[in-house]
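Visitor: Quick one: structure below, then a few questions.
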Amino acid sequence: MHIALAAILCMAASASCKASCGCDDGCRPRRLCEGTAGTYSPDGRRIAFTRAVQGKSRIGVMEIGGCEKSVEWIEKEGNAAHPAWSPDGQTLAYTYGNETNTAWAARNGQTGYHLRLWRKGETPREITSGRYRDYAPSFSPDGSRIYFATTRDLGDRPVGYATLSALWSMRPDGSDMRLEFCKGSLNSGSGQSALSRDGRILVWAQVDDFQSFWYIRCARADTPKLSGSATPPRMAAYSPRWTKDGRFLVCTGFLAGDPGWCVYSLNPRSGAVKRICEGRNPDISPDGTRMIYDDGAHLYERSLSACDFPSAAAGDATAGPSQAFPPEKVLFSVEKPKYPANVPLDGRFAFGSDKTFFVRARIRAREKQPARFAEIAMGRYSEHSVGFELLLDSGVPEFGVRSGDGTYAKCTFDRRVKEGEEITLTGIRTADSLYFSGPDGIPASRRLAGGTLAIDHPKHLTIGEPFAGTDDILSLEIGTGWPKNVKHPFSIAEVFE
Amino acid sequence: MKMHFSLAALVAASCAASGAFEKIAYIDSFDYSAAYETETVEGSRKIVDNVLKTGANIILWRNQSGSIPCYPSPEEVLPLKEPPLDIRRIPLNEPIRGWVRYDDCWTDPIRDAADWAAERKVVFGIHVTTEENHWESWTLGPWNLEHPQFWCCTRGGTPWPGRVSLFHPEVRDHKLRLMEELLAYRPKMICLDMLRSGGWTPAKEYTIAVTAEWRRRYACEPPVDAADPRWIELVEEYTRAYYRGIRERARKTGTEMVMTVEHWGAAKDYNLVNRAVDWRRLLREDIVDSIAIACVKPDWNDPWGSTERLYRLAVSEAKAARATAKVYLPIMGYNFTGRPGYPEYAKRCKMTQAEVVTRLMKMSRAVGADGITMEVVDLSNYSPEVCAAIRDN
């Protein structure tokens, strides 16, 4: 019966689709030109796109339906990519780099990938500088700021030179540059941001660490650290773009079983997704009726209709912090413990796969760590010898647990501890995420794909290995529920309130 | 170019004919990028000359960083690899290392190294890592990023982009095309490195396709434990199909196939469980010619006795599997992710590193090995004293 109903709905949707887009054959795409990553101008009449030409990346601008000869090329040399229109359609922001030296010869120079602004008839203007990569720009809806991904100014973050990108913003004249969000750990990346049309909600693509892939997070624009995942746990997704009404996102996505990268629509409030077609890098026309995307080689345009988006009831809950957490209940507490020590757990700390638990320690950082890995606390279980751990890795605090399939997942503090610094570190595991908080009480977070490992058979707790003494670990607490010293992350519902 | 091929062939023939004890050095040009201008002909020559200080008579040049080729590869062209053009690749932000482009520089580093090796009268080979990442996201290659449908997968059903699964014929064909690109350089030797896996193990093979194949064969759900012998057997089967494909291509160019494996003695077969590689079978079935033991795990209560026993065991097992097999034993200049190199021996045995290396060199000859391998030789990780010990023994 369900199949029959679905068929009827699909036929109805197809009819509606035909009526809305006016195609004789539904929403069949038409090829526009060779190129990728197309984006509509605000008036919907032009597109900017990227094309690989003789090993270089070029940005072209053309009228929709225009011919190849009408393409206007933005730069003649070097690599240009990631075009983004200003809201008034007069300016195009993009990343540009032209490395003409070897890396060794250019080591002390200022070349890099910088953001440029192009206006028709004018010479492109560079608005960033330095030996960095600034890329993937997007304008705020009022045009007052440009958000972008960058490798710049990592400061005292854990890894001075690393595979790492962060999300920054600035005014279009290049002033008032500021960090919006940095996941901070090695192999993490944040970028491809998009503000909702009312400017309230920021979405971006994020990679938590090496073992994971891009997915989409969303937060209130003024508190990006309190973000949640907008994509289902096992979905890879990037390049989010808002629909005109702000109800949905479209993005590039992949779920196991897909034939390749696909264009998905996504309801960030519910996490419901719907696959629209094979392809990637979608953008929706300003009137919301059409979509451009590419297949890695060519740009296509097709009509959109209601059937391309998930229904209100479709999909399951997201991996975002949607659940209410019980208040903290301390199960184990020790002041100035002697260590190294092994504490039998005797049935304590049976956290299962869904109980929220935390490990909180107050430590005083040594002048010099005795080893790269300095364990503060490690919970050893029958399921795995490292069920959870709170540690310093080369002076950078980390909280790690096993995820549901036994792989190790960690959340890393966004800086090294300073010599002699006394600091409270709190790691939290929920059913689907990890959080890690320092003194400001605002937790960094990452999702745990596939849930968390059932930790039901505790054996013992290792404290302070390989330290010896009582000076470094001032207190240690382990408990369930949400710890009172850490700010509660917004639920997805709260983000959209 | 033809003349260089001939010269390389002469060098190789002379080395083989003399039955010289082979001293093989692995080279990763990326490691020299902060010291030399490695994107130039001169840079590659300096690297080779530095490595030859060790007394190496065979050099094996690394083919890729993760799956980013270190040469202009027609197979790995689009999307453009230079960060940040492909927004899926997170840039490495180091001033030098984060900006090198061996695939798109002013020269072909592998060709330059091969030519200079011929000038220096040493055998040139290529060190092929089986990993597709080098534990960093920027090292994922274009083909990987373009084909998520072939990504590996954890048991929980989460796609794992660290590698594409060899189960798929499309993946094997892609990797064999890459191998054809390398064989076009006419290397005397191709070394398939099982040490570097980028986090891949058979536990990452729970893809929809592989689990479907399991269900077809065994009419039950796949095992929870990826070390299950039947699961290993399944993964080993299609992994071996790929290596067989390499062999067929290498035979045409007369290239010797060496595989780097680990030998843990009586413990479970590490290579089989963690790499789905049955090296004894590969020797028996004429898929590889020779074995390079990457490292052994000595009993520190009897480091020299246990090392010698493991060396003898490795040699005897390899020769039993294939009488003509060559066996190379490790002179490892550093501890590699928990695997002890000669510095660990020196520390535990209270000897100088040169004394340890001298003893390991003599032991390698005594147990009947055909040569030794030097784990990646960087600018200065093999000290002058150690180099002298390798040269003189």
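Visitor: Looking only at segment B:74-88, decide whether some residue is open to solvent by less than 20 Å² (accessible area, probe 1.4 Å), more than 7 Å from chain A (Cβ to nearest Cβ), part of a loop (DSSP other than H, G, I, E, B) and not acidic (D, E).
Guide: Scanning segment B:74-88, I find no residue that is open to solvent by less than 20 Å² (accessible area, probe 1.4 Å), more than 7 Å from chain A (Cβ to nearest Cβ), part of a loop (DSSP other than H, G, I, E, B) and not acidic (D, E), so the answer is no.
Visitor: Inside segment B:218-271, can you point out the residues that are touching a helix residue (DSSP H, G or I) at 6+ places or on another chain (Cβ under 7 Å), of a type in the set (V, I, T) and either open to solvent by 50 Å² or more (accessible area, probe 1.4 Å) or under 26 Å from A:D405 (Cα atoms) (or both)?
Guide: Those that are touching a helix residue (DSSP H, G or I) at 6+ places or on another chain (Cβ under 7 Å), of a type in the set (V, I, T) and either open to solvent by 50 Å² or more (accessible area, probe 1.4 Å) or under 26 Å from A:D405 (Cα atoms) (or both): B:I232, B:V235.
Visitor: Follow-up. Restricting attention to segment A:94-116, which residues are open to solvent by less than 50 Å² (accessible area, probe 1.4 Å), at pLDDT below 95 and of a type in the set (D, E, K, R)?
Guide: The one that is open to solvent by less than 50 Å² (accessible area, probe 1.4 Å), at pLDDT below 95 and of a type in the set (D, E, K, R): A:E99.
Visitor: For residues that are over 19 Å from the mean Cα position of the chain (by Cα) and surrounded by 24 or more Cβ atoms within 10 Å (Cβ to Cβ), tally how many sit in segment B:44-70.
Guide: Here the count works out to 1.
Visitor: Next question, about the same structure. Mind listing whichever residues of segment A:170-195 are modelled with pLDDT of 95 or more and surrounded by fewer than 24 Cβ atoms within 10 Å (Cβ to Cβ)?
Guide: A:M170, A:R171, A:P172, A:D173, A:G174, A:S175, A:D176, A:M177, A:L195
Visitor: OK, next. Any residue that is under 29 Å from A:A230 (Cα atoms) and touching a Gly at 6+ places or on another chain (Cβ under 7 Å) - is there at least one of those in segment A:371-383?
Guide: The answer is no, given that none of the residues of segment A:371-383 is under 29 Å from A:A230 (Cα atoms) and touching a Gly at 6+ places or on another chain (Cβ under 7 Å).
Visitor: Would you check which residues across segment A:234-258 are more than 27 Å from A:M170 (Cβ to Cβ), open to solvent by 20 Å² or more (accessible area, probe 1.4 Å) and either touching a strand residue (DSSP E or B) at 6+ places or on another chain (Cβ under 6 Å) or among the β-branched types (V, I, T) (or both) and list them?
Guide: Step one: filter segment A:234-258 for residues more than 27 Å from A:M170 (Cβ to Cβ), giving A:234-236, A:245, A:247-248, A:253-258.
Filter again for open to solvent by 20 Å² or more (accessible area, probe 1.4 Å), leaving A:234, A:245, A:247, A:255-257.
If the condition is that a residue be more than 27 Å from A:M170 (Cβ to Cβ), open to solvent by 20 Å² or more (accessible area, probe 1.4 Å) and either touching a strand residue (DSSP E or B) at 6+ places or on another chain (Cβ under 6 Å) or among the β-branched types (V, I, T) (or both), then A:A256 is the only one that fits.
Visitor: Taking only segment B:17-34 into account, find how many residues are surrounded by fewer than 23 Cβ atoms within 10 Å (Cβ to Cβ), more than 12 Å from chain A (Cβ to nearest Cβ) and hydroxyl-bearing (S, T, Y).
Guide: The qualifying residues number 1.
Visitor: Looking only at segment B:149-162, decide whether some residue is among the charged types (D, E, K, R) and either surrounded by 21 or more Cβ atoms within 10 Å (Cβ to Cβ) or closer than 27 Å to A:G191 by Cβ (or both).
Guide: There is no residue in segment B:149-162 that is among the charged types (D, E, K, R) and either surrounded by 21 or more Cβ atoms within 10 Å (Cβ to Cβ) or closer than 27 Å to A:G191 by Cβ (or both).
Visitor: Right, here's the next one. Restricting to segment A:64-74, what's the tally of residues that are touching a Lys or Arg at 6+ places or on another chain (Cβ under 7 Å) and surrounded by 16 or more Cβ atoms within 10 Å (Cβ to Cβ)?
Guide: Looking only at segment A:64-74, we keep the residues that are touching a Lys or Arg at 6+ places or on another chain (Cβ under 7 Å), and these are A:64, A:73.
Retained after the next criterion (residues that are surrounded by 16 or more Cβ atoms within 10 Å (Cβ to Cβ)): A:64.
Number of matching residues: 1.
Visitor: Within segment B:89-99, count every residue that is buried (at least 22 other Cβ atoms within 10 Å of the Cβ) and at the interface with chain A (Cβ under 7 Å from one of its Cβ atoms). Before you say what the answer is, go through the steps one by one.
Guide: So the first thing to find is which residues in segment B:89-99 are buried (at least 22 other Cβ atoms within 10 Å of the Cβ), and the list is B:89-93, B:99.
Applying the additional criterion that residues be at the interface with chain A (Cβ under 7 Å from one of its Cβ atoms) yields B:90-93, B:99.
Counting residues in segment B:89-99 that are buried (at least 22 other Cβ atoms within 10 Å of the Cβ) and at the interface with chain A (Cβ under 7 Å from one of its Cβ atoms) gives 5.
Visitor: Would you point out the residue of segment B:127-169, among those that are over 23 Å from B:A226 (Cβ atoms) and among the hydroxyl-bearing types (S, T, Y), that is nearest to the other protein chains (Cβ to nearest Cβ)?
Guide: Result: B:S137.
Visitor: Sticking with this structure for a sec: Out of the strands (runs of 3 or more DSSP E) lying entirely within segment A:186-278, which hold 2 or more residues that are without any contact (Cβ under 8 Å) to a residue 40 or more places away in the chain and assigned by TED's automatic domain parsing to the domain that holds A:Y135?
Guide: It comes to A:201-207, A:236-242, A:249-254, A:262-267, A:272-278.
Visitor: Quick check: anything in segment A:157-167 of a type in the set (V, I, T), within 14 Å of another protein chain (Cβ to nearest Cβ) and over 13 Å from the mean Cα position of the chain (by Cα)? Steps first, answer last, please.
Guide: Restricting attention to segment A:157-167, the residues satisfying the condition of being of a type in the set (V, I, T) are A:159, A:163.
Applying the additional criterion that residues be within 14 Å of another protein chain (Cβ to nearest Cβ) yields A:159, A:163.
Checking the rest, the ones that are also over 13 Å from the mean Cα position of the chain (by Cα) come to A:159, A:163.
The answer is yes; a qualifying residue exists.
Visitor: Another question, if that's okay. Would you check which residues across segment B:35-56 are within 14 Å of chain A (Cβ to nearest Cβ) and on the phi > 0 side of the Ramachandran plot and list them?
Guide: Result: no residue meets the conditions.
Visitor: Any chance segment B:117-131 includes a residue that's on the phi > 0 side of the Ramachandran plot and not in a helix (DSSP H, G or I)? Outline the logic, then answer.
Guide: Applying the first criterion (on the phi > 0 side of the Ramachandran plot) to segment B:117-131 yields B:121.
So of that shortlist, the ones also not in a helix (DSSP H, G or I) come out as B:121.
Yes, segment B:117-131 has at least one match.
Visitor: So, one more: All but one of (1) modelled with pLDDT under 95; (2) within 12 Å of chain B (Cβ to nearest Cβ); (3) open to solvent by 10 Å² or more (accessible area, probe 1.4 Å) hold for A:K225; state the number of the condition that does not hold.
Guide: Of everything listed in (1) modelled with pLDDT under 95; (2) within 12 Å of chain B (Cβ to nearest Cβ); (3) open to solvent by 10 Å² or more (accessible area, probe 1.4 Å), A:K225 misses just condition (2).
Visitor: Kindly evaluate A:A377 against the criterion of being within 14 Å of chain B (Cβ to nearest Cβ), open to solvent by less than 60 Å² (accessible area, probe 1.4 Å) and among the hydrophobic types (A, V, I, L, M, F, W, C).
Guide: For A:A377, the condition - within 14 Å of chain B (Cβ to nearest Cβ), open to solvent by less than 60 Å² (accessible area, probe 1.4 Å) and among the hydrophobic types (A, V, I, L, M, F, W, C) - is not met.
Visitor: Is there a residue in segment B:290-300 that is out of contact with any strand residue (DSSP E or B) (no Cβ under 6 Å at 6 or more places or on another chain) and of a type in the set (G, A, S)?
Guide: no
Visitor: Another question, if that's okay. I'd like the residue in segment A:387-433 that is modelled with pLDDT of 90 or more and closer than 23 Å to B:V224 by Cα and, out of all such residues, is surrounded by the fewest Cβ atoms within 10 Å (Cβ to Cβ).
Guide: A:G400
Visitor: Report, by residue number, each residue of segment B:20-38 that is outside any strand (DSSP E or B) and touching a helix residue (DSSP H, G or I) at 6+ places or on another chain (Cβ under 6 Å).
Guide: Result: B:S29, B:Y32, B:S33, B:Y36, B:E37, B:T38.
Visitor: Looking at segment B:294-318, which of its residues are over 21 Å from the mean Cα position of the chain (by Cα) and among the basic types (K, R)?
Guide: Answer for segment B:294-318, where residues must be over 21 Å from the mean Cα position of the chain (by Cα) and among the basic types (K, R): B:R309, B:R312.
Visitor: If I go through segment A:259-268 residue by residue, how many of them are small (G, A, S) and either under 19 Å from the mean Cα position of the chain (by Cα) or open to solvent by 10 Å² or more (accessible area, probe 1.4 Å) (or both)?
Guide: 1
Visitor: Before we move on, is B:I110 within 9 Å of chain A (Cβ to nearest Cβ) and among the hydrophobic types (A, V, I, L, M, F, W, C)?
Guide: No; evaluated as a whole, the condition is false for this residue.
Visitor: Out of segment A:39-63, which residues are in a strand (DSSP E or B), within 14 Å of chain B (Cβ to nearest Cβ) and either open to solvent by 20 Å² or more (accessible area, probe 1.4 Å) or out of contact with any Gly (no Cβ under 7 Å at 6 or more places or on another chain) (or both)?
Guide: Step one: of segment A:39-63, the residues in a strand (DSSP E or B) are A:39-40, A:46-53, A:56-63.
Pick out the ones that are also within 14 Å of chain B (Cβ to nearest Cβ) and you get A:39, A:49-53, A:56-59.
Once the filter is applied, which keeps residues that are in a strand (DSSP E or B), within 14 Å of chain B (Cβ to nearest Cβ) and either open to solvent by 20 Å² or more (accessible area, probe 1.4 Å) or out of contact with any Gly (no Cβ under 7 Å at 6 or more places or on another chain) (or both), segment A:39-63 yields A:T39, A:R51, A:A52, A:V53, A:K56, A:S57, A:R58, A:I59.
Visitor: A further question on this structure: Residues of segment B:82-137 being of a type in the set (K, R) and modelled with pLDDT under 90, which ones?
Guide: If the condition is that a residue be of a type in the set (K, R) and modelled with pLDDT under 90, then no residue fits.
Visitor: What's the total number of residues in segment A:117-139 that are facing chain B (nearest Cβ under 9 Å), in contact with a strand residue (DSSP E or B) (Cβ under 7 Å, 6 or more places away or on another chain) and either open to solvent by 80 Å² or more (accessible area, probe 1.4 Å) or not hydrophobic (A, V, I, L, M, F, W, C) (or both)?
Guide: Residues meeting the conditions: 4.
Visitor: Shifting gears a bit: In segment A:117-144, how many are modelled with pLDDT of 95 or more, touching a Pro at 6+ places or on another chain (Cβ under 9 Å) and not hydroxyl-bearing (S, T, Y)?
Guide: Final tally of qualifying residues: 11.
The values are calculated or read from the model by the stated rules, or taken from the named source; none is laboratory data. Just so it is clear, the structure is predicted and the values come from calculations on it, not from any experiment. Virtual Cβ from ideal backbone geometry, glycine too; neighbours counted across all protein chains shown. Calculation scope for accessible area: heavy atoms of the full protein, side chains included, ligands and nucleic acids excluded. Shrake-Rupley method; radii C 1.70, N 1.55, O 1.52, S 1.80 Å.
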